[in-house]
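Here the structure comes first, spelled out in structure tokens, and everything after it is commentary.
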Amino acid sequence: MAERTTAAVDVADNSGDEPLTAKADQSTADGVAKNRERDTEDVEAQGSGGTEGPGKASPPELHSGHKLARRYRLEECVTRLDGFSSWRAVDEKLRRAVGVHLLPADHSRARSVLAAARSSALLGDPRFVQVLDAVEENDLVYVVHEWLPDATELTTLLAPAPLEVYDAYQMVSQIAAAMAAAHREGLAHLRLNPNAVLRTSSGQWRIRGLAVNAALRGVGSDTPQRTDTEAIGALLYASLTQRWPYESDAYGLSGLPKDVGLIAPDQVRAGVHRGLSELAMRALANDGATASRHESPCTTPEELVKAIGEMPRIRPPEPAFTAPPDYQHTTYQQGTYGRPPTHPGATQPVPAPLPPLQTRTGKALKWAVSALLIAALGLGSWQLAEALMDQGKKAGDSGSTQTTDGNDKNNTAPKPVKVLSIEGASEFVAKGDAQHPGDVDKTYDGNRSTYWKTSTFLQGPPLEPYKPGVGIVYDLGSAQKLSSASIGLRYSGNHTTAKLYASGSLTPASLDSMEEIGSVTTNGTTAAVKVTKSVKTQYVLVWLTAVPYSAADPSAYSNAGYTQAITEVKFKG
């Protein structure tokens, strides 16, 4: 398999692999649960050591510092069990952390692990932790995958408390959609549990071990879609209740009370969202007791995605409003400047009036002051009238007319422009390999120093015939009417061409299935794309078809050639 050196790291695989679990079969009325793996914690040998079961092939004698293919340097063994080992390693060629699964080439599962890894790599879906390499070499089989340092396992997230309603909704929505896409390509997970699900710092959910984890453990299923759907239901159940939906404890979660059976999440914990509670029951195999309204069960990830789409959308919580500190009026603003402070309950003295001017001098002074006031008022009125006349003349000379007609175009206020929020993104691959799917969220994180980068091409600026283009599909959360997009770029030069397309989904089938709505060519580090077609869409593709020549960029581990990187994208409505 060719090396996929363009994949990037943005989240953490904290353990290198999920903890091993022993499975106990449990029969159900429809026979589906005979394939379900009961998730009870097993003993796992971490770091150094562990004893393999009898008759298993011994893992190769490797140590920290050992190098595979002259580029992957092993750093730390995180799992050693059942004839294979998993390591945290460093890709010295691309200077990044990776994870590595290792088996002897004569291991009974070596062939199936290689096949599963290569199939998973071909999917290229950024919602899954990417397989970067799968090789048989020197009596070893090894699978290299992303090491994701900035993500958190669902197991860790559930340790202190259940997820908030919006987070649980986002988790089940994204995981179900990802697994539906995988099953459309004939791939199953079969070991989907809280250790295999990660949340990135940007709120995106990722799945690790697609097909590979099951192959490493020798796990199979006659009903793979039902197995994965029930696993998603268990993830949602745990996220809502902080309980594992079976009698046995697993993943640091307590199981349900014995002899009670599977009860709905909103009966386990007060305040659970009713719609999500029913959704979890529809996904779990529970002898037909799906929900209080007895909806039909969901037996495939596709059916689960449809059921989620029929639910009322759960909005993110409003940000907490912090009231500003009380505004303290000064004594000057209260009209008491120069006066002694008042005290509640105290009687304030009334100042005595000044004596009137009764003398001849006083009378003369009153008349003089009155005359001055009258003169000042007259002068002020004359100056005001003159100013108004001058203003009228200027308006007449310019030929403009002042009207109070509500239809006057000059008085029409421009429509306010709002910046649209981005709730998710996915790299779109029209031909060949992906670029850096793990870095797409860096294009809307508010930090212009982070970026998503294309590969470096030998010819350009047009990317054809290598590729028709490269780009990212953005999810705006709901259908929005676009007016423009601003795209921050890392490299200037001759030249970058960016286009906008309206898409029907976050993972469109092809470029032909989308509608082009704007384009621009620039030599600078910004691209302002004006939407030329009135359209309302939830998903927008930013598509680069030409990139400039750039000198070597050591900070981006990039050689000289034709390349571009997107630093920050903003959409306006």
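Coordinate-derived values only; no laboratory data. Quick caveat, the model's predicted, so the values are computed rather than measured. When we count neighbours, we look across all protein chains shown, and the Cβ atoms used for this are built from the backbone with ideal geometry, even at glycine.
Some points to look at:
- The residues packed around residue 538, meaning those with a beta-carbon under 10 Å from its beta-carbon, carry a net charge of -1 if Lys and Arg are +1 and Asp and Glu are -1.
- Theoretical FRET efficiency, 1/(1+(r/R0)^6), r = Cβ-Cβ of residue 156 and residue 313, R0 35 Å, to 0.05: 0.80
- Computed lengthening from residue 274 to residue 505, 0.36 nm per intervening residue step minus Cα-Cα distance: 80.4 nm
- Each peptide in 470-477, 107-114 receives the mean, over its residues, of other Cβ atoms within 10 Å, and ordering these scores from highest gives 470-477, 107-114.
- Rounded Å value of the spacing that divides the Cα centres of the stretch 116-130 and the stretch 481-512: 24 Å
- Environment charge of residue 306, counting only residues whose C-beta is closer than 12 Å and scoring Lys/Arg +1, Asp/Glu -1: -3
- Cross-link pairs 418/499; 306/467; 306/570 - those with Cα-Cα distance over 25 Å: 306/467; 306/570
- Förster radius 22 Å - calculated FRET efficiency between residue 97 and residue 122, Cβ distance, rounded to 0.05: 0.40
- What you get for the stretch 237-281, charging only the Cβ of Lys and Arg (+1) and of Asp and Glu (-1), is a dipole of about 120 debye around the Cα centre.
- Within the stretch 103-164: Cβ-based charge dipole about Cα centre, in debye rounded to nearest 20 (Lys, Arg +1; Asp, Glu -1): 240 debye
- The charge dipole of the stretch 81-138, taken about its Cα centre with unit charges on the Cβ atoms of Lys, Arg (+1), Asp and Glu (-1) only, comes to about 220 debye.
- Take the Cβ atoms of residue 222 and residue 513, set R0 to 30 Å, and the FRET efficiency comes out at 0.30.
- Charge context of residue 567, other residues only, Cβ under 12 angstrom, K/R +1, D/E -1: +2
- Ranked by how many other beta carbons lie within 10 Å on average, peptides 235-244, 560-569 from highest: 235-244, 560-569
- Separation in nanometres of the label points that stand 7 Å from Cα toward Cβ, at residue 166 and residue 254: 3.0 nm
- Packing rank of 195-202, 268-275, where each peptide gets the mean count of other beta carbons within 10 Å, highest leading: 195-202, 268-275
- Extending 7 Å from Cα along the Cβ direction at residue 483 and again at residue 534 yields two label points whose distance is 1.4 nm.
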